[in-house]
Structure formats: C-alpha cells, structure tokens
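Written below as structure tokens is the structure these notes are about.
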Amino acid sequence: MAFANANVSDIIATTIQSRTKKIADNVTANNALLSRLSTKGKIKPFSGGYQIMQELSFAENSNAGWYSGYDLLPVGVADVISAATYNIKQAAVPVIISGLEQLQNSGKEAMIDLLESRLSVAESTMKNLISGGVYSDGTAAGGKQIDGLDAAVPVDPTATPYGGIDGATYEFWRNGVSDNTAAAVTADTIQGLMNLLWSQLVRGTDRPDLLPCDSVFWNVYVSSLQSQQRFSNTNDGDAGFTSIKFMDADVVLDGGIQTGTFTPTGVTGANGSPAGTCFFLNTDYLHYRPHRDRNMVPLSPNRRYATNQDAEVQILAWAGNLTTSGRMFQGRFDMNGV
C-alpha cells in the first residue's frame with residue numbers, strides 16, 4: 001500500500017495554484033510571438049465548446065457602392081463573416097513526490113521548498129513544450145501538438161487545410177511565401193527579397209510587425225546591415241529578446257541554440273524558428289487561446305497515488321491552441337536551400 005502524507009496533496013495543489021499566474025506569464029514571456037501577443041491583448045482565453053472558433057472576415061460587403069439622390073440602395077444579405085475552427089490541444093507536466101521524499105521533508109516548509117524546485121523544473125519544461133509547439137506544424141505526438149506557425153504559415157499554403165479551411169480552394173486563406181531554396185541568399189540579395197515579400201503582405205495600415213527568425217537567417221540579415229546604424233526595440237529588449245528593425249517591424253532572433261535539433265525528453269520539435277526561416281507576422285491577426293480553466297493549473301486537487309509505487313503525483317496542465325483570423329496577412333521567408 002502506498003504511503004501518503006495526508007497534507008501533501010493539498011500542499012502540492014495549492015503550491016501549483018499559487019504559481020498559476022506566474023507560470024502562465026513566464027511561458028508567454030519565453031517566446032517572442034507569445035510575448036508580443038500578450039502586450040497587444042491577443043491572449044484570449046475561451047470558456048468551452050467542442051472546438052476553438054476564431055471569427056474572420058473573408059469577403060467585402062457586396063452592397064457597398066456609390067449612389068446619388070433617391071437611388072435605391074442594395075440591402076441584400078451579405079455573408080462576409082465566418083470562422084476558422086481549431087482543435088483543443090492539451091499539455092501536461094507531472095510533479096511527482098515519492099513516499100521517501102515525503103518522510104524526508106515532512107515539515108510543511110520543507111515540503112514547499114522541495115515542491116518549489118520541482119515546480120521550477122516543471123515550469124521550464126512547460127515553457128519549452130509550448131515554445132516548441134508555437135513553431136510546429138501540429139503533427140507531433142499523433143497530432144496532439146499545438147497548431148503552430150509551421151501550420152499557420154507553411155511553405156505551401158495550399159497543401160493542407162488549416163483551421164478547417166482549405167487554402168487550395170480559398171485564395172484568401174493563403175499566406176505569402178518567399179521560397180528561396182533554389183539559390184543561395186546572401187547579404188547582397190536578402191533585403192531585396194524581403195522587400196518583395198513585405199509588399200505582398202501590406203494592405204493600408206495592415207502590415208507585419210514581428211519577424212521571428214532563426215540564427216541562419218539572422219546572421220545573413222545582420223551582415224546586410226553592417227554598414228548601417230541599427231536600432232534595437234526597447235520593449236523587446238526589456239522582454240529579453242534581441243531585435244533589430246526591418247521597415248518598422250522587429251526582427252527577433254527566437255531560437256539560436258541548436259534550433260531544429262534540440263529535443264528534450266517528451267518534447268518533439270525545435271524551440272524556435274525553423275532553420276533558415278523568418279516569419280513575417282501581423283500579430284493583429286494571431287491569437288493565443290488557452291482555456292480559462294486549464295491555463296497552467298493543477299489538473300485536480302484530488303490525491304493521485306501510483307497503484308504499484310510509493311509515490312504521489314500532481315499534474316500541471318494546459319489546454320488551448322494558437323489561432324489566426326487572417327492568414328493572408330502572414331508571410332514566410334524560406335532559405336533552407338543554403
């Protein structure tokens with residue numbers, strides 16, 4: 001029979017609960033895109049439902065037009081609002097206490113100290129899990145991973161439906177792409193190619209504001225600026241991200257160490273932008289949608305015992321997805337041929 005300290009479950013649950021806001025904030029601060037979405041109020045918890053619905057406008061109102069005097073005005077029904085649908089994805093990190101550790105840390109203060117260290121590990125693990133998911137295509141772990149930027153802004157936007165909408169059928173649901181795999185991108189050519197992609201993504205005041213990239217793209221772009229004075233963005237700098245400017249957007253190095261190869265146990269995929277890639281993101285149309293009741297919280301306050309071990313576990317849990325309401329405003333610069 002497993003040993004259990006009657007107070008341990010409550011201590012585990014309440015300790016996680018007291019850190020919920022801190023853990024959630026630290027997760028968003030760990031990723032350049034999530035950090036930007038947080039500052040722009042684009043983190044929108046949802047309360048329930050079978051899927052996450054993200055409203056979008058896919059057409060202009062056909063009733064619009066010029067008129068004079070007593071001209072009749074068209075009042076036909078204009079179906080211009082729809083929604084993309086996203087599955088609810090789930091993530092969890094167990095925090096485990098053995099019976100021996102409970103005995104060795106029987107005082108409440110000692111147990112909290114032990115839990116703090118365990119939760120710090122769980123927190124950093126969750127940060128890496130979510131950050132990796134933000135750049136993923138959503139296919140890892142049998143499709144249970146977040147539908148990240150690799151799905152929202154792919155090299156071929158017509159290849160696979162996204163958000164329940166087929167880009168091969170609907171042109172408004174295709175992101176911009178600068179595919180430069182046929183020839184090497186150099187410091188002499190990179191800005192001209194970036195200009196072309198940028199111009200495809202601008203509509204009035206709508207334009208990309210965040211360009212997260214990997215170290216390969218970063219190094220080539222920085223080399224193109226060697227003779228020019230560069231300015232870093234104070235806000236992004238305060239958030240811990242190194243950034244420079246392209247037009248008026250922040251170019252952010254998001255994932256420089258072993259990007260594309262670092263795979264912690266249980267975590268599949270890179271922890272930053274894919275190698276040779278820069279995303280041209282208009283974050284007005286991107287949304288981080290955690291469930292309001294499952295955003296880095298203890299999965300259950302009830303005691304969880306191992307049936308064949310002297311151990312107790314509590315689970316740090318999250319549910320939600322990354323969504324977009326405007327795929328046409330997003331772009332991808334691919335230089336993976338270099």
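Can you give the net charge of the other residues whose Cβ lies under 11 Å from the Cβ of Met335, counting K and R as +1 and D and E as -1?
-2
Quick check: from the Cα gyration tensor, does the range 131-199 come out rounded (a/c under 1.5), prolate or oblate? In terms of gyration-tensor shape, oblate.
No value in this document is a laboratory result; all are computed from the given coordinates. It should be emphasised that the depicted structure is a prediction, and the values quoted were computed from it without experimental measurement. Here Cβ is always computed from backbone atoms with ideal geometry, including for glycine, and neighbour counts include all displayed protein chains.
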